[in-house]
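Input: a single structure, listed below in structure tokens.
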Amino acid sequence: WMKGSGKTRALSDAEIEALLKAGEADWAAQVAMLKPGTVTAMAKAPEFASGRLSLDRVMSAKEFFLGPGAREVSFGRWVSTDGMRQVRFGRHEMGSNSPHAHFEAYDKPAGQGGVVIETSTVEVTSP
């Protein structure tokens, strides 16, 4: 998959190496796991900057976005009961130079092999 190209093709080892050198390690690692000729989905979902919220507002938005019955499946990762939405707000997100949270949508339930198809990133501000 060529990042942002809209084309489906696997990257060569040299292209993956170039991504790693360019500081795209997370993205390159995802692409490297795909087998040539079998790429049918994006390796990384589109990410949209979606504003700024205080920590209290992020937690309220998480509850609204996920709906009743959402569960924390791992530290800082909550999934809706239907498995179609998740919020990530863990160590990485809070430990970065710019604290943020990810509100994400899946193409099918997470527990049934779904992949994230869209990410809205919210900057977390001090109260």
**Prompt:** In the stretch 70-127, which residues are acidic (Asp, Glu) and either more than 15 Å from SER54 (Cα to Cα) or open to solvent by 60 Å² or more (accessible area, probe 1.4 Å) (or both)?
**Reply:** GLU72, ASP82, GLU104, ASP107, GLU118, GLU123
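Matching residues to (1) in contact with a strand residue (DSSP E or B) (Cβ under 8 Å, 6 or more places away or on another chain); (2) at pLDDT 95 or above; (3) in a loop (DSSP other than H, G, I, E, B):
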{"site": "SER60", "(1), (2), (3)": "no, no, no"}
{"site": "GLN86", "(1), (2), (3)": "yes, yes, no"}
{"site": "HIS92", "(1), (2), (3)": "no, no, no"}
{"site": "ASN97", "(1), (2), (3)": "no, no, yes"}
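The values are calculated or read from the model by the stated rules, or taken from the named source; none is laboratory data. As the structure is a computational prediction, the values presented were derived from the model and not from experiment. Quick reminder, even Gly has a Cβ in these numbers, built from the backbone with ideal geometry, and neighbours come from all protein chains shown. Side chains included, ligands, DNA and RNA excluded: accessible areas come from the protein's heavy atoms. Shrake-Rupley method; radii C 1.70, N 1.55, O 1.52, S 1.80 Å.
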